[in-house]
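These notes concern the structure reproduced below.
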Amino acid sequence: MSSLSVPAHVPSVAEDCEQLHKAFTGWGTNEGLIISILGHRNAAQRKSIRQVYAETYGEDLLKALDKELTNDFERIVLLWTLEPSERDAYLANEATKRWTSSNQVLMEIACTRSPKELLLAREAYHARFKRSLEEDAAYHTHGDFRKLLVPLVSSYRYGGDDVNLTLAKSEAKLLHEKISKKAYNDDDLIRILATRSKAQINATLNQYKNEFGNDINKHLKADPKDEFLAILRGTIKCLVCPEKYFEKAIRLAINRQGTDEGALTRVVATQAEFNMKIIKDEYQKRNSVPLDRAIAKDTTGDYEKMLLALIGHGEA
C-alpha cells in the first residue's frame, strides 16, 4: 500500500481574519503575522478576507490596517490589499492630483492593463471618486500631455492577436514621416498609439524597424530632456514590452541617491500577480544581480519583508 502524504493545513478565510484581528490587538501590532497572511494570498483570497473581516468585526480591514501601520510598510500593505481595479483607481487619482509632466503613472496604467482591466479601473474610479478618470485626466493635465493622456485613459482597445499587415506598413510610414518632421504631438501619431490593439502596434513597430533601420524609440530620443518625448517613449514601451518598462522603473527607484519608495511600492504592488517573474528575469539579465538581493540591500524592516514576500508571490 502506498502511503499518502497528508496535505499541509490550508487556513480558511475565517482563520485568516481571526489571525489578522489578533495581529492588531494586544501589545503592539504583529507585523510579521500580517505579512505571513496578506503577503501570501492572491487577489480572490484577499477580497474574501476583506468581506469576512468586515462581517465578523464590523470594520473595514483597510481601516484597521491604516490605524495600525505606518510609512512605506503601510502603503505597500494597503495597496496590495485593494482589489486590482480599486488600486489602479487610487493610483490614477493620486497621479492626477500630483500631476507633473514627468509623472508617467496615468500612462503606465492606461497602457499596461488589458482593455478589460482598464475598463474595471475606470468603473472603480467612478464608484470611489464620483467623477470619471477621463475628466480628471483632462482637468489636471495640459497641452500635448492632455492630448495624449486623455485618449489613452479613455481607450478600449481590441484585445485580440489579429493583425492587419498592410495597415502596419502604412502606419509605420506615417509614424516615420511625423517623427522626421518632429511632429510628435500629431493627431495621427496619437491616434495610432491610443486606439490600435497592442498586437497591431507591435506589428507596426516591427515594420518601422525593418523599413527605417532603428527602433522607433531611438528616433524619439531627439531631445533627452523633453518630457513629452519621454512619455511617448514610455507609452510605446508599456504597450509592447511592459516588463522592460517596469524593470527600468525598479532599477531607477533603487539606484538613485536614496530609494524612490513610491515607485518601488507601486510597481511591486501592481505587478506581483502579473508580470513579476518576467520582470525579475529582466532585472537579473540587465543588472547581473537578483532583484530580491537588490531590494534587500536597499530597504529595511517590515517594508523589506513585505516587498520580498510579494516579489516571490505565486512561486512554489
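The values are calculated or read from the model by the stated rules, or taken from the named source; none is laboratory data. Treat the numbers as computed from the prediction; the structure is a model and nothing was measured. Backbone-built Cβ (ideal geometry, glycine too); neighbour counts: all protein chains shown. Note: areas computed on protein heavy atoms with side chains; ligands, DNA, RNA excluded. Shrake-Rupley method; radii C 1.70, N 1.55, O 1.52, S 1.80 Å.
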So if I check each of Thr81, Thr56, which one is β-branched (Val, Ile, Thr) and open to solvent by 50 Å² or more (accessible area, probe 1.4 Å)? Thr56
Exception for Tyr245 within (1) within 27 Å of Asp161 (Cα to Cα); (2) free of Cβ contacts under 8 Å to residues at least 60 places away in the same chain; (3) open to solvent by 10 Å² or more (accessible area, probe 1.4 Å); (4) assigned to a helix (DSSP H, G or I) falls at (2)
Going through segment 188-216 one residue at a time, which ones are surrounded by fewer than 17 Cβ atoms within 10 Å (Cβ to Cβ), in a helix (DSSP H, G or I) and without any contact (Cβ under 8 Å) to a residue 40 or more places away in the chain? Asp188, Asn206, Lys209, Asn210
Failed condition for Leu310, given (1) farther than 17 Å from Arg87 by Cα; (2) in a helix (DSSP H, G or I); (3) among the hydrophobic types (A, V, I, L, M, F, W, C): (1)
2 or more residues among the hydroxyl-bearing types (Ser, Thr, Tyr) and modelled with pLDDT of 95 or more: qualifying helices (runs of 4 or more DSSP H) within segment 1-99: 43-57, 84-97
Those residues of segment 221-243 which are modelled with pLDDT of 95 or more and over 21 Å from Ile109 (Cα atoms), in sequence order: none
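Of the residues Leu133, Leu65, only one is more than 23 Å from Asn275 (Cα to Cα) and touching a Lys or Arg at 6+ places or on another chain (Cβ under 7 Å); which? Quick ask: steps written out before the conclusion?
Values: Leu65 fails: touching a Lys or Arg at 6+ places or on another chain (Cβ under 7 Å).
The match here is Leu133.
Which of the residues that make up segment 272-289 are open to solvent by less than 80 Å² (accessible area, probe 1.4 Å) and small (Gly, Ala, Ser)? Show your work before the answer.
Our first condition is that a residue be open to solvent by less than 80 Å² (accessible area, probe 1.4 Å); within segment 272-289, this holds for 272-273, 275-276, 279-280, 282-283, 287, 289.
Scanning segment 272-289 gives a single hit, Ala272.
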Kindly provide the set of residues from segment 102-126 that are touching a residue at least 12 places away in the same chain (Cβ under 8 Å), in a helix (DSSP H, G or I) and open to solvent by 40 Å² or more (accessible area, probe 1.4 Å), ordered by number. Lys116, Glu117, Leu119, Leu120, Glu123
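Could you please let me know if Leu38 is in contact with a Ser or Thr (Cβ under 8 Å, 6 or more places away or on another chain), under 24 Å from Thr300 (Cα atoms) and without any contact (Cβ under 8 Å) to a residue 24 or more places away in the chain?
Working: in contact with a Ser or Thr (Cβ under 8 Å, 6 or more places away or on another chain): yes; under 24 Å from Thr300 (Cα atoms): yes; without any contact (Cβ under 8 Å) to a residue 24 or more places away in the chain: no.
Criteria not met by Leu38.
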